[in-house]
1. In Å³ and rounded to a whole number, note down the convex hull volume per residue for the Cα atoms of the range 158-282.
2. Just check the chain against the gyration tensor rule for me: Cα atoms, a ≥ b ≥ c as the square roots of the eigenvalues, rounded for a/c under 1.5, and otherwise prolate or oblate depending on whether a/b exceeds b/c.
3. Can you compute 3J(HN,Hα) from phi for each residue in the range 55-63, using the Karplus curve 6.51 cos²θ - 1.76 cosθ + 1.60 with θ = phi - 60°, rounded to whole Hz and x for Gly and Pro?
4. Where does the charge balance sit around ARG245 when Lys and Arg score +1, Asp and Glu -1, over other residues with C-beta under 11 Å from its C-beta?
5. Would you work out what percent of the accessible area of the chain, with all protein chains in place, is carbon or sulfur (probe 1.4 Å)?
6. Determine, for each peptide in 33-39, 170-176, 84-90, the mean count of other beta carbons within 10 angstrom over its residues, then list the peptides with the highest first.
7. Taking each pair of distinct Cα atoms in the range 87-141 once, what is the resulting Kirkwood hydrodynamic radius in Å?
8. Semi-axes of the range 44-155's equivalent ellipsoid from the Cα gyration tensor, sqrt of 5 times each eigenvalue, largest first, rounded to whole Å?
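The values are calculated or read from the model by the stated rules, or taken from the named source; none is laboratory data. None of the values given here were measured: they were computed from a predicted structure. Note: ideal-geometry Cβ built from the backbone for every residue, glycine included; neighbour counts use all protein chains shown. Just the protein is used for accessible areas: all its heavy atoms, side chains included, with ligands, DNA and RNA removed. Shrake-Rupley method; radii C 1.70, N 1.55, O 1.52, S 1.80 Å.
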Amino acid sequence: AKRRGKAQVRVFDEAVRRGVGHQLSTEQALRGAVAAGELVLHYQPLVDLASERVVGFEALVRWVRPGTGLVPPDEFLPVAVRAGLIGGIDRWVVAQACADAAAWPDDTLSVAVNLVAADLREDATVLAVVHALASSGLPARRLVVELTEGTAIGDDEDVARNLAALRELGVRLAIDDFGTGYSALSYLGRIAAGSLKIDRSFTQRLGEDAAGAAVVRAMVSMADAFGLAVVAEGVESPQQAEIVRTLGCRSGQGYHFARPMPAEDVPAYLAAGARPTLSLLSG
Ligand code: C2E
Ligand code: MG
Ligand code: MG
Ligand code: MG
């Protein structure tokens, strides 16, 4: 038993070493990624459910890692957060997203960026927003900052101060992945967000059972009470689009409308009328 124990420890050791090695090499490669221009933004439209018109886009970062290709955010952002690199990445995202949006043909479209708690603990993030708005000429009200519930309602003083500073600038706040964090509902009124995005796990459950609809309905009436507009994430079918619309969601986002697209495809997408059927063509 003792020998087996040692063997197991050795196997475990190896796995840990490989894991740490992976973290280190990714961290190393990520360190110069912003400066090397290896990050790109893809944009996914946000669609008004009543009119089916595009009302804005969410910027989603990808890493074009040399030798690997397009790396999705879930595979490198956790490393970036642990290595303290997330601030630099998100400041780049904010600047790029504002510059892109300022060049879109429709000057009513909003652009949303995702920020994490670590970003909001740094005053540099607010300065980056100020700078990005000034140098792009994008009006502050066209910029939306998406935060997860934990970030939005945490009791960190620096985060609270920086969120207040963003609101002061006229930037709008959205609560992302709603329903997946710890929902201290009493805080919803206090953080003065403009909208709430229902996590896609709830959208996907609709159609499966009656309880799914009851949960979304409850979220919508709660959002109403706090004056928040509701966005349904992860809308993948026309049926889901119809259900979330009937349940009171104002807008939707998901593969049914369009997958996230490279920044350079946005103007053509808008020019083509941005209809949901486009998602069939772009796959
Ligand atoms: P999120 O902010 O909740 O973004 C929505 C995610 O759901 C995106 O994944 C999007 O591609 C995906 N999605 C959209 N519609 C559908 C659908 O119909 N079905 C399914 N299954 N998925 C859908 P993505 O681009 O991989 O991003 C994952 C997460 O990474 C984001 O979740 C966000 O939390 C984070 N993230 C992305 N870009 C940034 C960034 O620039 N900065 C930071 N800090 N976080 C980012
Ligand atoms: Mg988001
Ligand atoms: Mg989300
Ligand atoms: Mg998410």
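1. On the way: hull volume 16.8 nm³, N = 125.
Hull volume normalised by residue count: 134 Å³.
2. Numbers: a/c = 1.45, a/b = 1.29, b/c = 1.12.
Because its axes are fairly even, with a/c under 1.5, the chain counts as rounded.
3. With the stated coefficients, the range 55-63 comes to 10, x, 9, 9, 7, 10, 7, 9, 10 Hz.
4. Details: positive: ARG250; negative: ASP48, GLU52, GLU242.
Local net charge: -2.
5. Carbon with sulfur: 55 percent of the solvent-accessible area.
6. Working: 33-39: 15.3, 170-176: 21.6, 84-90: 19.1.
So the order, starting with the most tightly packed, is 170-176, 84-90, 33-39.
7. On the way: mean 1/r = 0.0880 Å⁻¹.
For the range 87-141, the Kirkwood estimate is 11.4 Å.
8. Values: eigenvalues 110, 62, 48 Å².
So the three semi-axes of the range 44-155 are 23, 18, 15 Å.
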